[in-house]
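**Student:** Structure provided below as structure tokens; questions to follow.
Any read-out appearing in this document is the output of simple, stated calculations on the displayed coordinates, not a laboratory observation. Please read all numbers here as calculations on a predicted model, not as lab measurements. Backbone-built Cβ (ideal geometry, glycine too); neighbour counts: all protein chains shown.
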Amino acid sequence: MRGPVAGTAITLAAAALLTAAMTTASASPPSPTGTAPAPATASQPVLVDCLWNRTVRPDDFILACGDGNSRLTGLHWSQWGPDGATAEGMNMVNDCKPYCAAGTFHAYPVTVRLDGPKPWKKHPGTQRFDRMSLTYEDGRPEGFQRVMVYPLWD
């Protein structure tokens, strides 16, 4: 009797590990290829990403750091300065149906606005944007407002 119980436990553990690996691998869309973001300079505010890297005019930006289920891609910046930054791009959002690992990413055209430059706690001599707003042009993810405002990492 002990053999089948141990075999079942091993099978369940292996299934759990496989599910975890698949969830991590499928949690975000493929990253588009493009030019590298511009390096930060002392005279302009930066955008701080999930890994605490500072960037200026990034091509893409992960909004959902925990699971990668929302990402901005194909960003084209028309303005970047101490008064704010503006870009056009796509918000790739996972519908998580029936669950996130099996969900489908959908593209929504957005205008991205960064504002509120403030000193960064980690590097007080660096100004970083503290707020991002997304304005959806043609449709938006279920449950989202036409304009969504997000605080940014400090």
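**Student:** If every alpha-carbon in the stretch 29-151 counts as one equal scatterer, what log10 I(q)/I(0) does Debye give at q = 0.10 1/Å?
**Tutor:** Those come out to -0.31, one per q.
**Student:** A further question follows. Considering Cα pairs under 8 angstrom that are at least six residues apart, work out the relative contact order of the stretch 29-151 and quote it in whole percent.
**Tutor:** Taking the mean separation of contacting Cα pairs over the length of the stretch 29-151, I get 18 percent.
**Student:** Okay, next question. Which of Tyr136, Tyr99 has the fewest other C-beta atoms within 10 Å, and how do the rest follow up to the most?
**Tutor:** Numbers: Tyr136 17, Tyr99 9.
Taking fewest neighbouring Cβ atoms as first place, the list is Tyr99, Tyr136.
**Student:** Taking amide hydrogens as modeled 1.01 Å from N in the peptide plane, which residues meet the under 5 Å criterion relative to Arg128, leaving out close sequence neighbours?
**Tutor:** Result for Arg128 returns Val46, Lys118, Trp120.
**Student:** So who's got an amide H within less than 5 Å of the one on His106, skipping anything under 5 residues away but keeping other chains? H placed 1.01 Å off N, in plane.
**Tutor:** Val93, Asn94, Asp95
**Student:** For Trp153, what residues show an amide H to amide H distance below 5 Å, using hydrogens built from the backbone and excluding near sequence neighbours?
**Tutor:** Residues meeting the amide H criterion: none.
**Student:** Here's something else I'd like to know. Please give the charge dipole size of the stretch 29-151, origin at the Cα centre, charges +1 on K and R Cβ atoms and -1 on D and E Cβ atoms. Round to the nearest 20 debye.
**Tutor:** Values: 12 positive and 12 negative charges, 88 e Å.
Value, rounded to 20: 420 debye.
**Student:** Oh, and also: Residue by residue through the stretch 86-98, which ³J(HN,Hα) values in whole Hz follow from phi under the Karplus form 6.51 cos²θ - 1.76 cosθ + 1.60 (θ = phi - 60°), with glycine and proline marked x?
**Tutor:** Result, ordered by residue: 9, 9, 10, x, 10, 9, 8, 10, 7, 7, 6, 10, x Hz.
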